[in-house]
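Here is the structure we will look at, set down as structure tokens.
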Amino acid sequence: MTTHRRAAVLGGNRIPFARQFGPYAEASNQDMLTAALEGLVARHGLAGERLGEVVAGAVIKHSRDFNLTREAVLGSSLSPDTPAYDVQQACGTGLEAAVLVANKIALGQADSGIAGGVDSASDAPIVVPERLRRKLLRLNRAKTAAERAKAAVTIRPTDLGVQVPANTEPRTGMSMGQHMALTAERWGVTREAQDELALASHQNLAAAYDAGFFDDLMTPYLGLTRDQNLRADTTIEKLGSLRTVFGDGPGATMTAGNSTPLTDGASAVLLGSQEWAEEHGLKPLAWFVDGETAAVDYVSGDEGLLMAPAYAVPRMLARQGLTLQDFDLYEIHEAFAATVLSTMKAWEDEEFCRERLGLDAPLGSIDRDTLNVTGSSLAAGHPFAATGGRILATLAKLLHEKGSGARGLVSICAAGGQGVVAILEAA
Amino acid sequence: MARADGYTTFVSSGFGKKLATTLGLPQPVPLRRYVPGGPLVDGPVLVGGHADTPAVTALRAGLTAAGATLTEVVPDGARLGGVVVDLTAAETPADLESLRATLAPALKRLGRCARVVVVGRRPGTSGSVAQQAARRALEGVTRSVGKELRAGATANLVLVTEGSEGAALGTVLFLLSGRSAYVDGQVFRVGEGGAVDAPADAEHPLAGKVAVVTGAARGIGADIARTIARDGATVVCVDIPAAGASLADVANEVGGTALQVDVTATDAGARIAEHARTRHGGLDLVVHNAGITRDKLLANTDEDRWDSVLQVNLLSILRMNEALLAKDGLRDGGRMVLVSSIAGIAGNRGQSSYAASKAGVIGLVDGYAADRALRRRGITVNAVAPGFIETEMTAKIPFATREVGRRLNSLSQGGLPVDVAETIAYFAADAQAAVTGNVVRVCGQSLLGA
Ligand SMILES: NC(=O)c1ccc[n+]([C@@H]2O[C@H](COP(=O)([O-])OP(=O)(O)OC[C@H]3O[C@@H](n4cnc5c(N)ncnc54)[C@H](O)[C@@H]3O)[C@@H](O)[C@H]2O)c1
């Protein structure tokens, strides 16, 4: 168990992402995750195969989905002898799952594995108010008819009602968008810069589709063959005409066009050791070099909710002896256009890098032509836990096309003030 | 895999059968289809023919080894599973009497879905005119017998090369078996080759082979994938990216791989060859099955419509084959099977583009089969030409037209995708090394273009 070997990204699959209440409105997380696995299994000829493990998760989960990933495996063509477990780290779920699988492979505890994620904003669990839930449990515990009657009469019409889970931070009561608006203001991120980033996302994603880039990364689902949110023909004028939805007053900059929409979807990434890959006729696309997570204190207002990756990346760079410019490609998850822009501004800022990161000099800037080159969440959509898998498979393929040694950086922010980042290197 | 149509089920029931007899309606029977582990034929096989019957002599041991009970006399009381009549020694039309004498009494004693296999010689250029006439006469007899047979029985002709009679074993076994359920009134040409050995594993004649099937997401292609996987092949399932969901289901069902590629893409052949090589170590069988129709009278056919059919059904095959028939494509001894159509033989109103493409496919077979370099590499190229096959495609035809299409053949029913697939699997087996350049119709002896 002292072996340390490299884990490779061997391929990926996802279903096209659908808008909330769109074509996947009736699909459950388990349905979608199973579909993503089935496409991955078919692409890599894994039917009947026992893998080391499958690790995946969902951010919004029904209580019945306590063993979501294992159930999806049992519903797939993989060998039923393939173990599985669920993880949940908000929007970092998919990437964190990959870190876990890659680490086990590196340690020699597994030879192969799948990391994935799924989320449905449509088929969301509905929760009854806390007061009603307690009363219902009391009713359920009641043994005699008299006890039952007594418990039942305590339920008042005012107790009734349902709560649909909201994208709200429990400790601040603020939505993610409201949090982001504060950070955008802090970093002086303009409306124009956000719209430009959103436009680039749509244009890059559309171009990638037209070039057939996703032919071996995606399997259609329920009649959808492309991400439903993609607006190939959007323009800076159209984006500029949208009204702001987060932030207050004339200074507000965030719109539905430069924020990710609620979406449904699933993704899965195949990882393995070099030997396992060879035995299965598969070529490593990229090595999973390293991963790092960070969290920030957004509750006190000390740092922005989605700024944790700004801290995770320099720690990982230092460990690897790399600079921010040592990468051929960057994938920064577009939770909001402002997230990407704030993060990059922070890395360019001397004071932030000195005071917050304890660095002598700023990390510097990123060549925008190397950022999210086949589009990101603004265009594709962002079914929370599915984003990590989407990005990993995309980046691994892009790096492989660039040639051996090409390096890529992944950065994903997550609710709870967290962030997961990783480095891939073309095999 | 699809079931027999409702009408066939109905007229096979007690009441339905009576009604159909009274009204003189066609009486299709459920066909005998191959089931792994089942018997080769249901009942003894009568063997006979003219003079010293050299083909029967060459095939006897192989037929027996495959489980056939051979007999020289029509048995009392029992039903025959099949008849093999050897006319390879016929020198003049007068010798055809041997055929009549063998077949006539046997035809009255055939069991359900029995098989008549006539074996003759390929009409050569060196023999006498009388010999040519005798050889050609066999086609007329076989086709007529096919039309006389009832209850799912079929008649086919196998033409062999002198000295290579043993090379026809695989073909004769195919025709006797349930694999050829919907193959009727066809002529198979077997070239020069040694006697074939039975495969090491009779139930998996394609064991160890790597195959590519285009258009595998549904319909006939999906059943081709299932059938050759059942026979032991590892299958690369190819279809357009938009069909990826059902393609994945088929690939996972057969334990193969899914490759989302449009066959008209310029690099389709290279990508398929590379996938087969890197994933599975090589390529032994290519089945060009992907196809589309864009039906319209020629007068109303614009350039786009015309072009799309020709691109998918014909030009893509030519382009892909540059990579698939190159040195690092199909392995020596490899097989290629193309999917034509009876529309490509008979033509069809409103299908000029489709018929052009499917007739062109037959031209491809002729061209490749004559290619000496491919022959030297032991690569065979054949085609199937399906008739009316029950698929999603034909389910969309209006009812009346569909009923006519279904019944206008000697078996009075449509074929199933698996029938086409079985014929492809037959071409694909090692045993068919001497079978190239054939276009076999899987049409139940359709009247169209016959
Ligand atoms: N069904 C019949 O009765 C019949 C009769 C004669 C011949 N055929 C031939 O048999 C073959 C299969 O027919 P079917 O009835 O199963 O049709 P089908 O339409 O059910 O299936 C054809 C498959 O080919 C795929 N395909 C189409 N264009 C493609 C492309 N550019 N690249 C990759 N894949 C592509 C389709 O997506 C589909 O999955 C065709 O060549 C057809 O012409 C069918």
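The values are calculated or read from the model by the stated rules, or taken from the named source; none is laboratory data. In this text, all values refer to a predicted model and were calculated from it rather than measured experimentally. Glycine also receives a Cβ, built like all others from the backbone with ideal geometry; neighbour counts cover every protein chain displayed. These accessible areas exclude ligands, DNA and RNA; they are computed on the full protein's heavy atoms, side chains included. Shrake-Rupley method; radii C 1.70, N 1.55, O 1.52, S 1.80 Å.
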From the list B:LEU310, B:LEU283, which one is hydrophobic (A, V, I, L, M, F, W, C) and within 14 Å of chain A (Cβ to nearest Cβ)?
B:LEU283
Taking the condition under 19 Å from the mean Cα position of the chain (by Cα) and within 14 Å of another protein chain (Cβ to nearest Cβ), does A:LEU40 pass?
yes
When (1) open to solvent by less than 60 Å² (accessible area, probe 1.4 Å); (2) more than 29 Å from A:LEU205 (Cα to Cα) are applied to A:SER300, the one that fails is (1)
Inside the stretch B:235-275, can you point out the residues that are in contact (Cβ under 8 Å) with a residue 24 or more places away in the chain and more than 10 Å from chain A (Cβ to nearest Cβ)?
B:VAL238, B:ASP239, B:VAL263, B:THR264, B:THR266, B:ALA268, B:GLY269, B:ALA270, B:ILE272, B:ALA273
When the residues of the stretch B:364-394 are filtered to those that are small (Gly, Ala, Ser) and within 10 Å of the ligand (Cβ to nearest atom), which remaining residue is surrounded by the fewest Cβ atoms within 10 Å (Cβ to Cβ)?
B:ALA385
Please tell me if B:VAL116 is modelled with pLDDT of 95 or more, in a strand (DSSP E or B) and either aliphatic (A, V, I, L, M) or under 25 Å from B:ALA167 (Cα atoms) (or both).
yes
From B:ASP223, B:ASP249, B:ASP239, B:ASP184, residue being within 16 Å of the ligand (Cβ to nearest atom), under 13 Å from the mean Cα position of the chain (by Cα) and among the charged types (D, E, K, R)
B:ASP184
From the list A:ASP233, A:ASP264, A:ASP227, which one is away from chain B (no Cβ under 14 Å), under 25 Å from A:PRO23 (Cβ atoms) and touching a Pro at 6+ places or on another chain (Cβ under 8 Å)?
A:ASP264
Taking the criterion of being away from the ligand (no atom under 16 Å from the Cβ), outside any helix (DSSP H, G or I) and within 18 Å of B:ALA431 (Cβ to Cβ), would at least one residue in the stretch B:174-181 satisfy it?
yes
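So that you can scan it fast, the table gives a plain yes or no per residue for (1) open to solvent by less than 20 Å² (accessible area, probe 1.4 Å); (2) outside any strand (DSSP E or B); (3) touching a residue at least 12 places away in the same chain (Cβ under 8 Å):
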{"residue": "B:VAL29", "(1), (2), (3)": "no, yes, yes"}
{"residue": "B:TYR34", "(1), (2), (3)": "no, yes, yes"}
{"residue": "B:GLY37", "(1), (2), (3)": "no, yes, yes"}
{"residue": "B:LEU46", "(1), (2), (3)": "yes, no, yes"}
{"residue": "B:ASP52", "(1), (2), (3)": "no, yes, yes"}
{"residue": "B:ALA61", "(1), (2), (3)": "no, yes, no"}
{"residue": "B:GLY82", "(1), (2), (3)": "yes, no, yes"}
{"residue": "B:ALA90", "(1), (2), (3)": "yes, yes, yes"}
{"residue": "B:LEU96", "(1), (2), (3)": "no, yes, yes"}
Quick one: what pairs do we get from the stretch A:203-220, first residue away from chain B (no Cβ under 12 Å), second not β-branched (Val, Ile, Thr), C-beta under 6 Å, 6+ apart or different chains?
A:ASN204/A:GLY375; A:LEU205/A:LEU230; A:LEU205/A:GLY375; A:LEU205/A:ALA379; A:LEU205/A:ALA380; A:ALA206/A:ALA232
How about the stretch B:435-444: which of its residues are open to solvent by 10 Å² or more (accessible area, probe 1.4 Å) and either of a type outside the set (A, V, I, L, M, F, W, C) or at pLDDT below 95 (or both)?
B:THR436, B:GLY437, B:ARG441
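If a residue must be among the hydrophobic types (A, V, I, L, M, F, W, C), without any contact (Cβ under 8 Å) to a residue 40 or more places away in the chain and open to solvent by less than 60 Å² (accessible area, probe 1.4 Å), how many such residues does the stretch A:47-83 contain? If you could, list the steps in order and put the result at the bottom.
Here is the first cut: in the stretch A:47-83, the residues among the hydrophobic types (A, V, I, L, M, F, W, C) are A:47, A:51, A:54-56, A:58-60, A:66, A:68, A:72-74, A:78.
Checking the rest, the ones that are also without any contact (Cβ under 8 Å) to a residue 40 or more places away in the chain come to A:47, A:66, A:73-74.
Subset that is open to solvent by less than 60 Å² (accessible area, probe 1.4 Å): A:47, A:73.
Counting residues in the stretch A:47-83 that are among the hydrophobic types (A, V, I, L, M, F, W, C), without any contact (Cβ under 8 Å) to a residue 40 or more places away in the chain and open to solvent by less than 60 Å² (accessible area, probe 1.4 Å) gives 2.
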Tally time: how many residues in the stretch B:129-163 are under 20 Å from B:THR92 (Cα atoms) and open to solvent by less than 10 Å² (accessible area, probe 1.4 Å)?
7
Under 8 Å by Cβ, and 6 or more places apart or on different chains, what pairs join a residue from the stretch B:104-120 that is without any contact (Cβ under 8 Å) to a residue 40 or more places away in the chain with one that is open to solvent by 10 Å² or more (accessible area, probe 1.4 Å)?
B:PRO105/B:VAL74; B:ARG109/B:VAL74; B:ARG109/B:PRO75; B:ARG109/B:ALA78; B:ARG109/B:ARG79
